[in-house]
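Everything below concerns the one structure shown next.
The values are calculated or read from the model by the stated rules, or taken from the named source; none is laboratory data. No experiment lies behind these values; they were computed from the predicted model shown. Heads up, the Cβs are rebuilt from the backbone with ideal geometry, glycines too, and the neighbour counts pull from every protein chain shown. Keep in mind that these areas ignore ligands, DNA and RNA; they rest on the heavy atoms of the full protein, side chains included. Shrake-Rupley method; radii C 1.70, N 1.55, O 1.52, S 1.80 Å.
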Amino acid sequence: MRTETIAIHGNYHPNSPGDPATEPLINSTTFRHPADGLDRDGYSYTRHNNPNREHLEKTLATLEGGSDAACFSSGMAATAAVFQSLEPGDHIIFPKDVYHGTRAIIHSVFNRWGLTSDEADMRNVQEVESLIRPETKLIWLETPSNPLLHITDISEIRKIAKNDILICTDNTWMTPILQKPLALGSDLVVHSTTKFIGGHSDLLGGAVISRSNLNFFDKIRHHQQLGGAVPSPYDCWMLSRSLKSLPARLKMHQENTNHVVAFLQQHPKVEQVFYPGLETHPGHKIFASQSEGFGAMLSFTVKGDQKTTLNVVNRAKIIIPATSLGGVESTWEHRKSSEGDESATPENLIRFSVGLEHHEDLIEDIRQALI
Ligand SMILES: *Cc1c(COP(=O)(O)O)cnc(C)c1O
């Protein structure tokens, strides 16, 4: 089956007359035992496993080309499960330009618990290689990166990681529909399903997906079932429902983004547009070879200072000044304010998640905001 078909039919299909056309929602937290005790491979208790979570995990694993997936109650819970599966004393390398929560949890939690870390410009493979030590266990990637849309060549990182070091790629911005990091040499993929996969700004979730034959994934599963940061059956059911329209939504998200990028590029008040779909973007070629499309996330800098930029953000009438991304509604934000004091993001940068409104309405809104 092809992507669109998998996204819709997933692992549920009505086979007998009277079967519901869509997957039933099963809220039960507990399941009847066999007479001789717990059924370890079946359902027993919803923290451990649940039909709706299992269905979502199987569909996500299939879409990513992986063998298994573990779903969590947020993207950060999924990220934390990966780091918690390492050992004190292990060393990790992560991108200088990265989702700010990832940096924050490494610094404020995992460094305290004995994980050591270095930041690298992932565009520079030699720089990454020079940071590798005997204790290096994992390289974290995010491509495109947040918020500057740097592109990492995943297969080049695989070469320097050899078979010794795990690679985990945060694929939130691209979704498995556009980019499949496992096929490029990543061992694990992390998603915040809160974003494009959920797609309607109404639920939080996360997932870790594993390539086949990766023993390390057992630790992540163990952590999921015992740590308990699991999504509710309802959230899993909602995500399976959202997945069905994801390929179609992404097509329109990207079409709208092309219109928006073209408009921003010729606007006299815009200093620079960061979008890897542009041929002038330094990562364009690598990205085109890694991805089916260029996505619907972009950043741009405004000619002016922080105050000018905040005014542009606040003048929007359709686009919602808000953090997060991937919803049907367009959102944009002054990213430096969201990231807080440690942020190295330019003060005149706006991060933009292009939604599914009519593109002409979006462009009129941007035009009046940029006066
Ligand atoms: C939002 C986001 C996260 C964190 O996910 P939550 O669901 O908010 O916990 C991680 N990585 C990226 C790239 C994100 O955009």
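Averaged per residue, what accessible surface does the chain expose to a 1.4 Å probe, in Å²?
Numbers: 16420 Å² over 371 residues.
I get 44 Å² per residue for the chain.
Order 329, 57, 255, 347, most accessible first, counting only protein heavy atoms with a 1.4 angstrom probe. Spell out each step's value before the answer.
Working: 329 50, 57 15, 255 110, 347 80 Å².
So the residues, ranked largest to smallest area, are 255, 347, 329, 57.
With axes computed from alpha carbons, what is the tilt in degrees of helix 233-265 against the longest principal axis of the chain, rounded to the nearest 10 within 0 to 90?
The angle comes out at about 20 degrees.
How much length is gained if the chain between residue 357 and residue 271 is pulled fully straight, taking 0.36 nm per residue apart and subtracting their Cα-Cα distance, in nm to one decimal?
Value of the extension gain: 28.5 nm.
How big is the antiparallel share of DSSP beta bridges in the chain, given as a percent to the nearest 5? Working shown, then result.
Numbers: 25 of 43 bridges.
Percentage antiparallel, nearest 5: 60.
For residue 258 and residue 307, compute 0.36 nm times the residue count separating them, minus their Cα-Cα distance, and round to one decimal in nm. Each step should come with its number before you reach the end.
On the way: separation 49, 0.36 × 49 = 17.64 nm, distance 2.74 nm.
My answer for the length gained is 14.9 nm.
Using a Förster radius of 45 Å, what is the FRET efficiency between residue 47 and residue 292 based on their Cβ-Cβ separation? Nearest 0.05, please. Don't skip to the answer; put the middle values down first.
Working: r = 36 Å, r/R0 = 0.79.
Calculated transfer efficiency: 0.80.
Can you list residues from other chains, or at least 5 along the same chain, whose modelled amide H is less than 5 Å from the amide H of residue 179?
Residues meeting the amide H criterion: 292.
More than 13 angstrom separation, counting every C-alpha pair in the stretch 215-288; what % is that?
Details: 2111 of 2701 pairs.
It works out to 78 percent of all Cα pairs.
From the backbone phi of the stretch 290-298, what are the Karplus-calculated ³J(HN,Hα) couplings (6.51 cos²θ - 1.76 cosθ + 1.60, θ = phi - 60°) in whole Hz, Gly and Pro given as x?
Calculated HN-Hα couplings, in order: 9, 9, 7, x, 9, x, 10, 10, 8 Hz.
For the cross-link pairs 58/162; 195/219; 195/244, which exceed 19 Å when the distance is taken from alpha carbon to alpha carbon? Present the calculation step by step, with values, prior to reporting the outcome.
On the way: 58/162 28 Å; 195/219 26 Å; 195/244 15 Å.
Over 19 Å Cα-Cα: 58/162; 195/219.
Would you mind telling me the share, in percent, of accessible area of the chain contributed by carbon and sulfur at probe 1.4 angstrom? Walk me through the numbers before you get to the answer.
Working: 8460 of 16420 Å².
Looking at the chain in its full context, I get 52 percent from C and S.
Filter the GluC sites (Glu not before Pro) in the stretch 109-191 to those in DSSP coil with at most 12 other Cβ atoms within 10 Å of their Cβ, and list the result. It would help to have the intermediate numbers written out before the result.
On the way: sites: 119, 127, 129, 135, 142, 156; in loops: 135.
Answer in residue order: 135.
Please identify the trypsin sites (Lys or Arg not before Pro) of the stretch 162-228 that satisfy two criteria: DSSP loop assignment and at most 14 other Cβ atoms within 10 Å. Which are they? Don't skip to the answer; put the middle values down first.
Numbers: sites: 162, 195, 211, 219, 221; in loops: 162, 195, 211.
Listed in order of number, the matching sites are 162.
Taking the alpha carbon gyration tensor of the stretch 103-218, what are the square roots of 5 times its eigenvalues, largest first, to the nearest whole Å? Working shown, then result.
Working: eigenvalues 104, 57, 48 Å².
After diagonalising the Cα gyration tensor, the semi-axes are 23, 17, 15 Å.
Apply the a/c threshold of 1.5 to the C-alpha gyration tensor of the stretch 164-226 and tell me whether it is rounded, prolate or oblate. Could the numbers behind the result be given before it?
Details: a/c = 3.02, a/b = 1.34, b/c = 2.26.
Here the stretch 164-226 falls in the oblate category.
What ranking of 310, 188 comes out by heavy-atom accessible area, probe 1.4 Å, highest first? It would help to have the intermediate numbers written out before the result.
Numbers: 310 60, 188 0 Å².
Greatest to least solvent exposure: 310, 188.
For the stretch 244-371, would you read off the P(r) tail past 25 Å as a percentage of all alpha carbon pairs?
Values: 1732 of 8128 pairs.
Taking all Cα-Cα pairs of the stretch 244-371, the fraction more than 25 Å apart is 21 percent.
Expected output is a single nm value to one decimal: the length gained when fully extending between residue 9 and residue 135, i.e. 0.36 nm times separation in residues minus the C-alpha distance. What is it? All intermediate terms of the calculation are to be shown ahead of the outcome.
On the way: separation 126, 0.36 × 126 = 45.36 nm, distance 4.28 nm.
Full extension of this stretch gives 41.1 nm more.
Straight distance only, please: which lysines reach the Cα of residue 159 with their own Cα at less than 17 Å, same-chain residues fewer than 8 apart left out?
Partners within reach: 137.
Give or take rounding to whole Å, what are the principal axis extents of the alpha carbon atoms in the chain, in descending order?
In descending order, the Cα extents are 73, 56, 35 Å.
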